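The structure appears right after this line, and notes come after that.
Derivation of every value follows stated rules applied to the coordinates shown; laboratory data play no part. No experiment lies behind these values; they were computed from the predicted model shown. No Cβ is skipped: glycine too gets one built from the backbone with ideal geometry, and neighbour counts run over all protein chains shown.
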Amino acid sequence: MIHMERMQRLICLLLAALFMQFTGALELNAQANESSLASVYSFMDNQTDSEVSQIPIKHLLNDLEKKFKVTFLYHDRVIEDKYVDLSGLSINEITGDELSGFFTALNLDYTQLDEQTIVITEKDAAPVIEEQETISGVVRDAATGESMPGVNVVVEGTSIGTNTGPDGSYELTVPSLDVNLVFTFVGFQRLVEPIDGRTEIDVQLQMSVFSGDELIVVGYGVQARETLSGSVSSIQGPRLEQIPVTNLANTLSGNLPGIVTVNQSGEPGYDGALIRIRGESTLNNNQPLIVIDGVPDRAGGLDRINPRDIESVTILKDASAAIYGSRAANGVILITTKRGREGAPQFTIDVNQGFNQPTRIPDMADAATYMQMLNEVDNYRGQGDRFTQAEIDCHRLQQDAWECPDTDWFNEALKPVSQQSRLDMSVAGGSESMRYFISFSGLTEDGFYRNSSTRYNEYGFRSNLDGRLSDNITLSLDVLGRYEDRNFPTASAGQTFRMLMRGKPNEHGFWPNGLPAPDIENGVNPVVTGTDATGYDKDERYYFQSNARLSIDVPQVEGLSFTGTAVFDQDFRERKRWQSPWTLYDFTGFDDSGEPTFNESLVPNNDANLQQWSDQGRNILLNLVGNYRVDFENHTLGLLLGTESQRITNSGFNAYRRYFVSTEIDELSFGGEDQQSIGGGSSSLGDRPDHATRLNFFSRVNYNFQSKYMVELIARYDGSYIFPEDNRFAFFPSVSAAWRLTQEDWFRNATGFFNELKLRASYGQTGNDRIEPFQFMNTFRNGGGYIFNNTPGQSIFPGETPNRNVSWEVATQFDVGIEASMFNDQLAFEIDYFTENRSDILWWRNASVPQSAGISLPRENIGEVDAWGFDGSVSWRSQISNNFMLGITLNGGYATNKIVNWDEPPGAPEWQRSTGRPMNTGLYYRAIGVFRDQEHVDSMPSWSGARPGDLIFEDVNGDGVIDADDRVRVDRTGLPKWNGGLNISGQYRNFDFLVFFQGAAGASQYISTESGDFGNYFNDFARDRWTPDNTNASQPRAYQRTEEYWMSNANTHFYFNTDYIRLKNMEVGYNLPASLMDPIGISRMRIYANGFNLLTFSDFWMDPEARNAAGSFYPQKRIFNFGLSMAF
């Protein structure tokens, strides 16, 4: 019974120290009390242990703490280089009197706080001076400015201290105004602040580079970082708030090792990024699993989550993701939102105003250059010049505003700056029985077009409530409501920017009088189609998401708890695309009075058309998780068992009509019945399943010995609707282990500069069911219909040949890593090496079947891919002076893969085979230069009809002929192999700053523009193209679209390296002094300016993250933002 009571007391003490949530002052008086000390060890007499010799007293105290669950508090300098000789005594023979004698012999004193806690001091330490002054102040988080309850505040070198209250304030009586205060809090840097005669001291704490006590969110729970044995990266919400983007996916790249992102568009509402964790390893879907507050695959994903609602983002990169089984093979992203904390309500308001522009606009040739190049094309065809020199000079000098324009199409269509605005409000607080976090948000973002009809609006509400129903029962209720309003022109961004790339600089976009000029193709003049002159495309989405969690701590069994979760999510989408005719003007000359005359035309038709979509989706999830944790002696054992079921349904309806009675009435009922269409059943959002059902059982066992040796076992038994009934369930296990060398006495004695050094490794299997469902069934699809007896009818046809043996993709993953922190946690690093074998990948065997067979086989589990790489980070953070703190973090990673097996056509030469090479690679002729002259052409193998100015293709097989056998497989794809970031942050007094560089390497993008008669040329191409007067050019001659063999055949000359470095994020902020804010009732006010994609360094002709060969994409965003943050 006495052991249980002492253990309970110790656990309470440790929890209090860990979370720093107790309040009140702690004053330690140096006085001896041998009888009390003896009582601490009175229960040792009946214990047995091996004899020990003379040892450092620190080791003796450590052994006593571990064996008898007591706590000694002391400064390291007090017991440094002090030894005790036990004279053959065993540890269990040491009584309180014996221990008191050791202290006396070593000139040490001690004070007993209670039966379990003793404070050790030097006997000749300065006596406690009579208290003289009272100091007060507020402690805040340097990253967020929020007040911090539970911070430990101590007078340096003494035991006089206190803790901050719920509002972050403290008050402490000190012996002198010449001493220093020490501020400490779990997960934050220790701060020493001289009093320097002040009586009011407000401070800000910086997060630590490494904190073993930091709690990391993992699958279905949290773990202390120091006891993690898997490869896990995390980032806190305050860092995400510093990036002024409207899409959360764009905040991750470069901030977390192992994360690769490619942002292919900056279009408001569609500006998300492709996200990969440790590259790609399957021929199918490589998307990671997104889990939001414990719920996987929530509608809307992570893109539109408000960064100010986020507590943390955690990435499970290795087999630790096996807890999520069949959807974890591509890694898991866990997003945890904020919750209330006990204390008075804290209101926060954040206002942001941003200004956007494209990161990089293609630099196109001017009118004179373009006209000269078309003359050259005609000359190569054996024709005369189509433009005279006088006409070219007229455009160069713009001598006639009507007849001789030099049009910059991008400048005509895009405005210099567009705007985005954001407002966020929240309140958080609570009592012991109820805690709450409630937030409201609104944002609006304009498009790049002049008179833009592109705009994204969003309004959100979140409420996270935690209530304690009794001592052992808590209930949490979370509710999210979000409205997303996307507005676009009727022409897609790809269509508009394609025409901007094709815009001829010797033609008008607008006439000098402001009227729109004729179209480039199919009624599209891009200076018009970005506006609302063509109609509108309105896409509205409504999200309702809710969680209810009931947690029960079983009072009769310490450490045993159960948590049940119920989730109900519902979303709706209403989209309406109304296209009405618009007017373009063809200039015909001038009338007798000198006024311009035009022919007007309605395009693309003289009537309107309307298409509407209506969709809804539902997600219901239920799970039950049991946790048991037991501590005994030096051992800690944790056991988790759970089950989860999820059902997702989606459906949709759409209709189309034209021939409306009026172009002013945009309702379906007023359209004609000719050419109408009606569809439905599936959601118009193509990435959603119509029906999805999953049932899972999972478990996790954690064991650690003295927080020194850790082992974790994970198992999940997954059932998925994707597979046939007899193959519907699969088992996914993993194991990981870690060894903290810094917990070993021999290591600490040998290396005094390590605060933490941990070796870890993991091995396990995860699954991937992200494939097209129901491949095991005979399915049917809608046909094109038929007419019989003048009556139309609907038809169906077989969808695909079934494969009744379809099964899971399996990822077998191995990871080994090292984590360390040194020099009082100022320097930390982490590095991992990983491998993955993805087997049973579903792929077609059609390559082995002659095309003449006329059949298409179903996908089978025949593919295999190996992937490997490494990632890691290095961080340094230091208090340079009392007023200046600086931190630097560098992280990065490398990931690649190769195809081990799939169905590749036989007979290809080795340099063209895809097996043994990275996935998604292509075949290209290797361009090795430009033919200077005819002699150069005649001197080497060349394409039939090659001439000076053409690209030289390498004769790879050496047969003297350039043909398809000379194509080579290039190992670069559109996904970077290298990715990393450099983060430099600091704080000087009330100022703070952040500079963040991000870069990527190892990716390529092909460029193939519709240049010539169809459109303009890149200026970089035009400037150094081959001409008879420039035979040593880096670029080939002027060309007409795909007429030349080197434009119609993919080659390495136009396969560009897209390596880049960006100044990704920068912020400067200032916290207004509390002396100014307190009188007006504001606890914190911060003003700041930040930016995103501010500078880009790359040799690529477009934005380096563009993944469109013709430039037909909405550009990525550069953002300049100004903000104000207040707390009350």
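Details
- Karplus 3J(HN,Hα) series, Hz, for region 376-381 with 6.51 cos²θ - 1.76 cosθ + 1.60 (x for Gly, Pro): 5, 4, 4, 4, 5, 7
- Burial ordering of S1008, S1048, fewest other beta-carbon atoms within 10 Å first: S1048, S1008
- Net charge in the neighbourhood of S677 (other residues with Cβ under 13 Å of its Cβ; Lys, Arg +1, Asp, Glu -1) is 0.
- Proxy reagent accessibility, fewest Cβ within 10 Å first, across V155, V806: V155, V806
- Ignoring aspartates and glutamates fewer than eight residues from K1117 along the same chain, the ones with Cα atoms less than 13 angstrom from its Cα are E267, D271, E445, D446, D1103, E1105.
- Cut-off 15 Å between beta-carbons: net charge of the residues surrounding N846, Lys and Arg +1, Asp and Glu -1: -2
- Look at where the Cα atoms of region 755-774 and of region 366-429 average out, and the two centres are 51 Å apart.
- Rounded to the nearest 10 degrees, the angle from helix 2-19 to the longest Cα principal axis of the chain is 40 degrees.
- Relative contact order computed over region 649-782 (Cα-Cα under 8 Å; 6+ residues apart), in percent: 17 percent
- Which labelled figure in [x] 244; [y] 224; [z] 232 is volume of the Cα convex hull per residue in Å³, once derived from the coordinates: [z]
- What the Cβ-Cβ distance of V849 and K708 gives, at R0 = 56 Å and to the nearest 0.05, is a FRET efficiency of 0.45.
- Residues V84, V874 arranged by fewest to most Cβ contacts within 10 Å: V874, V84
- Using a cutoff of 8 angstrom between alpha carbon atoms and counting only pairs six or more residues apart, the relative contact order for the chain works out to 10 percent.
- CD proxy at 222 nm, helix term only [per DSSP H run n ≥ 4: -39500 (n - 2.57); per residue of the chain; nearest 500]: -3000 deg cm²/dmol
- Each of the peptides 339-350, 571-582 was scored by the mean count of other Cβ atoms within 10 Å over its residues; in descending order, highest first, they stand as 571-582, 339-350.
- DSSP-defined beta bridges in the chain - what % are antiparallel, rounded to 5: 95 percent
- Nonlocal amide H pairs with V970, under 5 Å, H built at 1.01 Å: G922, Y924
- Hits among lysines - C-alpha to C-alpha of K123 under 22 Å, sequence gap 8 or more where chains match: K58, K82
- Counted residue by residue at 0.36 nm each, then reduced by the alpha carbon distance between them, the extension gain from N805 to R468 reaches 116.3 nm.
- Net +/- balance of residues flanking K1117 in space, Cβ distance below 13 Å, scoring K and R +1, D and E -1: -2
- For the peptides 878-889, 446-457, 226-237, the ranking by packing is 226-237, 446-457, 878-889, with the highest mean count of neighbouring Cβ atoms within 10 Å listed first.
- Taking amide H as placed 1.01 Å from N in the peptide plane, S1011 has its amide H under 5 Å from the amide H of R1041, each at least 5 places away in sequence or on another chain.
- Selection of GluC sites (Glu not before Pro), region 943-1043, meeting DSSP coil and at most 14 other Cβ within 10 Å: E1043
- Value of relative contact order over region 215-343, rounded to a whole percent, pairs C-alpha under 8 Å and six or more apart: 30 percent
- Dimensions (Å) - region 481-617, Cα atoms, principal axes, largest first: 102, 30, 22
- Distance from the Cα centroid of region 892-914 to that of region 1068-1128 is 42 Å (rounded to whole angstrom).
- Cα gyration tensor, region 215-343 - rounded (a/c under 1.5), prolate or oblate: oblate
- Approximate spin-label separation Q934-D965, in nm, with each point projected 7 Å along Cα-to-Cβ: 3.0 nm
- When only alpha carbons are used to place a centre, region 832-886 and region 713-754 end up 20 Å from one another.
- Using θ = phi - 60° and Karplus 6.51 cos²θ - 1.76 cosθ + 1.60, couplings along region 536-551 (whole Hz; Gly, Pro as x): 7, 9, 10, 10, 10, 10, 10, 10, 10, 10, 9, 10, 10, 10, 10, 10
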